[in-house]
Structure formats: C-alpha cells, structure tokens
Amino acid sequence: MNSTEHYLEFAINLAKQCGQIILDASNARYSTNSKIHSKYGNQSDLVTETDQLVEELIKSKVKESFPEHRFIGEETMAAGYKHEFTDDPTWIVDPIDGTTNFIHGFPFVAVSIGLTINKEPVVGVVFNPFLNELYTARKGHGAFLNHTTRLPLSYPNPPLQLPSSLAKCLVITEFGSDRSDITLSKKVNSVHNLLRKPGAVSWSSKKAGLARGVRSIGSAALNICSIAMGRADIFYEFGCWEWDVTAALVILNEAGGIMVSAQGYDEGPVDIFGRKYLAIRAGSPCDGDKDSKQSQLRLVREIWDVVEEIDCPRT
Ligand code: LIP
C-alpha cells in the first residue's frame, strides 16, 4: 500500500471513531453538564469539552502512529501553541467544525482531518456523523462520498455546465465569529449586494449580483464539500482557519473544483493559512470558454465586484 493510501485509511478510521464520540456527546448533552467555553471571551466563538477531547484523541493517535509527523489543531492553537508550517507531513485538524451547530443539535457538524506533505494538501477526510456522510480524497485518486459515490455527484456524466454569471449561482457564505461593527457590516453588505437587483439601494460601492440564493450552514468544511458535490456553485468565507478548510480542499480539488484566496482577483493557488477562501465547483466550460478554468475564474472575478474584502489578521 503506498503511503497516501495508508494515511487516508488511518484518517478514515480515526474520523469514524471521533464521529461516534461526537454523536454520543450530542445525545448526552441534555442529561450531562458538559461545559461550553467561549474562546478569547468571544461568546460567538465557542469550544466544548468534546472539541478538546476529540482533538486530544486525534493528536495522540497521530503521535503514536507517525511520531515524526507534525500536528496543527484548532484547540491546540487556541491553547496558545505556535506552529511552524514545514515540508514535513503535517496533520491539520478541526475536531468539530460547526461547534455552534453541535451545541444546538443542528446536524451540520464534522470532524475534519487533512494532511499536507511538502506543504501541499494531499489527504482529506471530512465526516458528518449526524448524517453519516463521509467525504474522502487523496491527491490524484478522486473524491468520494461514503466510499462509493464519486464526486461531483454527476459523475460519470460530465459535470453540469458552469454558470455563465453570478445571477445563476447558489452561493454559500458564513457570518463567522468576528462580530466587530466593521466586519459584520461588510459581511451583511456583501450578502445584500449578492442578492440585490442592479440599481437597488446599496450601502457599498460594489456591484449587484442578483444571485439565485445565499446559504449558510455553519461549517466551512461541509460548505466546501457541498461545492465539491456540485450542490452549490460558490463558497466564500473570510475569517475561518486552515483547520476548517485543509481536508475539504483536497476533496474539492479531486472533484474538479478550485479554491483561491479570497482577495482581489487572485487566481490561486490558495494560501491555506490566509483565512480568506473562495471555492468554485467543477463544471463543463460555459459556451465560448476554452476550458472549465476560464469559466471558474470568470466567477472568481465576478464575485469580487460584488463582495467586500475583509481584513483577517492571524493575531
Ligand atoms: C466554524 C467555521 C465556520 C465559521 C464559524 C466557525 P468551528 O468553525 O467552520 O465556517 O463561520 O465561525 O469558525 O469554530 O465550529 O470549528
């Protein structure tokens, strides 16, 4: 078995084990006093004892199986640990992506386990135990839902044609945990711009998109998997982190989607540590375009005429 196959199998087994812990904790949450903490005193950025327990489990299993590998995890970083990103194999992990959903029992919650080698994401596993949806991929070998369904969902038929404009898109974005006036008003203005008709009143200098709809499910990893499936066309988010996106990025790439850094007309590759992410689904090229990439990049440019960029410092 070559090594990425071995790493993928390891991550799948681990994700399933973690999924059971997450489910059990969710079922027990009415009868036990499991604690919820806010990070950095921010009531919109929550962590539970289950996030910490699951991350500890993943970290210890990685250490036991691959002692020479590095580890970057959401809760380890929240505890003040500083990481250095190197060419070494590095596991980038979110024990519970969608913690607020987990707390409320809203069933869009995932454990996200990604692996980079030479700084490139090569293995990704995203598992939603509530819906029993397991998304997996390794570089060069395709992306799958529950082992057998190849992504995008149209496979083996050619993916649906890419939308010729934002006005034909279903867009996913998130409001996130930064509730400062400046960030929140830019995010709300962007959604207004995405939905409004050209000429309608606007609070920003950006264009109107008249997109078909905007959705928000509270987990970046699952949002990106929705783009990989082809259930929505565009996902963007400012302010989430490498552990929210690394595993799902492998799944998206293997499904023929693209991700770029959400800044200006950036054409990629995405900076996974940049906290600004924009993903476009796979699809056959629009009429007149030479290939899918050209159609995808047209949507990248179109979104930046409509959406406001937000500063996302790492500290
Ligand atoms: C969540 C992200 C989501 C974002 C939330 C939060 P967590 O991750 O996946 O996209 O909008 O604010 O950061 O904290 O549940 O792992």
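The values are calculated or read from the model by the stated rules, or taken from the named source; none is laboratory data. For clarity, every value in this text was computed on a predicted model and none was experimentally measured. Backbone-built Cβ (ideal geometry, glycine too); neighbour counts: all protein chains shown. Keep in mind that these areas ignore ligands, DNA and RNA; they rest on the heavy atoms of the full protein, side chains included. Shrake-Rupley method; radii C 1.70, N 1.55, O 1.52, S 1.80 Å.
For T136, what is the net charge nearby, where nearby means another residue's Cβ is under 13 Å from its Cβ and Lys, Arg count +1, Asp, Glu -1?
On the way: positive: K16, R138, K139, R150; negative: E5, E9, E133, E254.
That sum, taken over residues with Cβ under 13 Å, equals 0.
About the Cα centre of region 166-304, what is the dipole size in debye to 20, counting +1 per Lys and Arg Cβ and -1 per Asp and Glu Cβ, all else neutral?
620
What pairs from K119/K139; K82/K187; K59/K139; K16/K61; K186/K207 go past 18 Å between their alpha carbons? Write out the running numbers ahead of the final one.
Values: K119/K139 13 Å; K82/K187 29 Å; K59/K139 23 Å; K16/K61 13 Å; K186/K207 14 Å.
Exceeds cut-off: K82/K187; K59/K139.
If amide H atoms are built 1.01 Å from N in the plane of the peptide, which residues on other chains or at least 5 residues away come under 5 Å of the amide H of G73?
Amide H neighbours of G73, under 5 Å, 5+ apart: V93.
Find me the longest stretch of the chain that has none of the exposed GluC sites (Glu not before Pro), where exposed means in a DSSP loop (not H, G, I, E or B) with at most 11 other Cβ atoms within 10 Å.
85-315
How high is the relative contact order of region 1-144, given as a whole-number percent (alpha carbon pairs under 8 Å, six or more residues apart)?
On the way: 231 pairs, mean separation 33.1, N = 144.
In percent, rounded to a whole number, it is 23.
Which ³J(HN,Hα) values, rounded to whole Hz and listed in residue order, are derived for region 272-284 from phi using the Karplus coefficients 6.51, -1.76 and 1.60 in 6.51 cos²θ - 1.76 cosθ + 1.60 with θ = phi - 60°, glycine and proline given as x?
5, 9, x, 6, 9, 10, 9, 10, 10, 6, 6, x, 6
Quick one: ranking W241, W91, W203 by accessible area, 1.4 Å probe, largest first, what do you get?
Putting W241, W91, W203 in descending order of accessible area: W203, W241, W91.
Using heavy-atom solvent-accessible surface (probe 1.4 Å) with all chains present, what is the largest-first order of F235, F273?
Details: F235 0, F273 30 Å².
Largest accessible area first, the list is F273, F235.
Work out Dmax and Rg for region 149-213 from the C-alpha atoms and quote the Rg first, both in angstrom.
When restricted to Cα atoms, region 149-213 yields Rg and Dmax of 15.7, 46 Å.
For n ≥ 4 DSSP H runs only, could you compute -39500 (n - 2.57) per run for the chain, divide by its residues and tell me the 222 nm figure to the nearest 500?
After summing the helix terms and dividing by the residues of the chain, the value is -10500 deg cm²/dmol.
Could you tell me what percent of the accessible area of the chain is made up of carbon and sulfur, with a 1.4 Å probe and every protein chain present?
Carbon plus sulfur share of accessible area: 51 percent.
Could you size up the charge dipole of region 85-205 around its Cα centre, putting +1 on the beta carbon of Lys and Arg and -1 on that of Asp and Glu, and report it in debye to the nearest 20?
Roughly 560 debye, rounded to the nearest 20.
Accessible surface of K139 in the full protein assembly, 1.4 angstrom probe, to the nearest 10 Å²?
100
Using unit Cβ charges (K, R positive; D, E negative) and no other charged atoms, how large, in debye to the nearest 20, is the dipole of the chain about its Cα centre?
920
How much length, in nm to one decimal, is gained on full extension between F85 and S180, taken as 0.36 nm per residue of separation minus their Cα-Cα distance?
Length difference between fully extended and current span is 31.3 nm.
Starting from 0.36 nm per residue, how many nanometres of slack lie between E56 and D305 once their C-alpha separation is accounted for?
85.4 nm
When the Karplus curve 6.51 cos²θ - 1.76 cosθ + 1.60 is applied with θ = phi - 60°, which whole-Hz ³J(HN,Hα) does each residue of region 96-106 get, with x for Gly and Pro?
Computed from phi, the couplings for region 96-106 are 9, 8, x, 4, 5, 4, 4, 5, 8, x, 7 Hz.
Taking amide hydrogens as modeled 1.01 Å from N in the peptide plane, which residues meet the under 5 Å criterion relative to D97, leaving out close sequence neighbours?
Residues meeting the amide H criterion: A110, V111, S112.
Please work out the C-alpha center-to-center distance from region 218-290 to region 76-146 and express it in whole Å.
A separation of 15 Å, based on Cα centres.
With an 8 Å cut-off on Cα pairs and a minimum separation of 6 or more residues, tell me the relative contact order of region 166-304 in percent.
For region 166-304, the relative contact order is 22 percent.
How high is the relative contact order of the chain? Use alpha-carbon pairs under 8 Å, at least six apart in sequence, and give a whole percent.
RCO, the chain: 16 percent.
Please list, in order along region 300-315, the HN-Hα scalar couplings obtained from phi with the Karplus expression 6.51 cos²θ - 1.76 cosθ + 1.60 (θ = phi - 60°), rounded to whole Hz, x for Gly and Pro.
4, 5, 5, 5, 6, 7, 10, 9, 8, 6, 10, 6, 10, x, 7, 10
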